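The values are calculated or read from the model by the stated rules, or taken from the named source; none is laboratory data. Here the structure is a predicted model, which is why all the values come from computation and not from measurement. FYI the Cβ positions are ideal-geometry reconstructions off the backbone, even for glycines, and counts take in every protein chain you see.
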Amino acid sequence: MATDYDEIRSDVKESQDSSLEILQSANTPDARAVVLDLDEADGLDRLDIPGGEFIAEELIVQVIPQAEDEFTCYSCFLVRHRSQIARQKDGHAFCSDCEG
């Protein structure tokens with residue numbers, strides 16, 4: 001008699017059926033209860049912040065444009081003075097720190 005190796009074994013099929021029955025009969029919470037639990041947990045997180053207090057303040061940073069005598073290194077992306085150009089290749093400048 002030939003054996004079909006693609007067929008699910010009887011012991012595996014029984015365990016799959018029993019685990020499905022267990023999952024279906026389990027007492028699972030509905031979606032509303034889960035959302036309420038998450039909302040309550042979020043509220044508790046805001047009250048107890050380890051290491052300090054919560055400060056809701058926006059930071060204001062002044063951005064200074066690149067000057068005429070400066071360049072941005074193509075390797076480290078730092079803005080450097082033109083005197084620190086070590087190499088230029090394909091229109092990109094590299095600083096002496098990256099080339100050194």
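The table below lists the values:
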| read-out | value |
| --- | --- |
| Pair list, Cβ under 9 Å, 6 or more apart: the range 11-35 residue on the phi < 0 side of the Ramachandran plot, other residue surrounded by 10 or more Cβ atoms within 10 Å (Cβ to Cβ) and at pLDDT below 70 | P29/D37 |
| Flag if I55 is loosely packed, with under 10 Cβ neighbours inside 10 Å, modelled with pLDDT of 65 or more and within 25 Å of the chain's Cα centre (by Cα) | yes |
| Condition check for S83: modelled with pLDDT of 90 or more and assigned to a helix (DSSP H, G or I) | yes |
| Failed item, numbered, when A93 is tested on (1) modelled with pLDDT of 70 or more; (2) part of a helix (DSSP H, G or I); (3) of a type in the set (A, V, I, L, M, F, W, C); (4) surrounded by 10 or more Cβ atoms within 10 Å (Cβ to Cβ) | (2) |
